[in-house]
1. Would you point out which residue out of VAL62, VAL120 is of a type in the set (A, V, I, L, M, F, W, C), surrounded by fewer than 19 Cβ atoms within 10 Å (Cβ to Cβ) and under 14 Å from the mean Cα position of the chain (by Cα)?
Amino acid sequence: MTREIVLLSGPNLDLLGTRNPEIYGTTTLDEHVARFSQLAAEAGFSVRHVQSNFEGDLIEAVQSARESAVAVVINAGALTHSSWALADALDTFNGIKVEVHLSNPAAREPFRHLSTLAGVVHGSIAGFGATSYELALDAVRRLAGTAS
């Protein structure tokens, strides 16, 4: 097993920075990924980022992570609330799995209260804006036994 983290970004996350900045902030997805990758590198991990607006692409990324990654960190966007197929794929990944949300879905519309992923990930980090990704990396480090 390598020290790779697969960072997955679901539908519409490519619009971060301009889509509902009052909810998601003004940081772009590229900026989130760059910061996460920098911190991961400092902790001895490489990062492979996949963003897709298509559920199947994310499922295939999880399946390929089974061969190469120590962890999957996923912000599935709206698929969090509807994709049992993505949950099934994550369930087959034996490494560390962390669900991330910039906003707090539990404090938003009722349809966002359900996470189809919650039962198959080690934990969920939500509501801390850009810091959510840093907290997810810290969780990976601790679960991988590399936190200092």
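1. Numbers: VAL62 fails: surrounded by fewer than 19 Cβ atoms within 10 Å (Cβ to Cβ).
Result: VAL120 is the single residue among VAL62, VAL120 that is of a type in the set (A, V, I, L, M, F, W, C), surrounded by fewer than 19 Cβ atoms within 10 Å (Cβ to Cβ) and under 14 Å from the mean Cα position of the chain (by Cα).
Here is a yes/no grid of residues against (1) crowded, with 18+ Cβ neighbours inside 10 Å; (2) farther than 26 Å from ALA144 by Cβ:
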position	(1), (2)
ASN20	no, yes
TYR24	yes, yes
ALA40	yes, no
ALA43	no, no
ARG48	no, no
PHE54	no, yes
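Just so you know, all these numbers are worked out from the coordinates, no wet-lab data involved. Predicted model, so just to flag it, every value in this text is computed and none were measured. Heads up, the Cβs are rebuilt from the backbone with ideal geometry, glycines too, and the neighbour counts pull from every protein chain shown.
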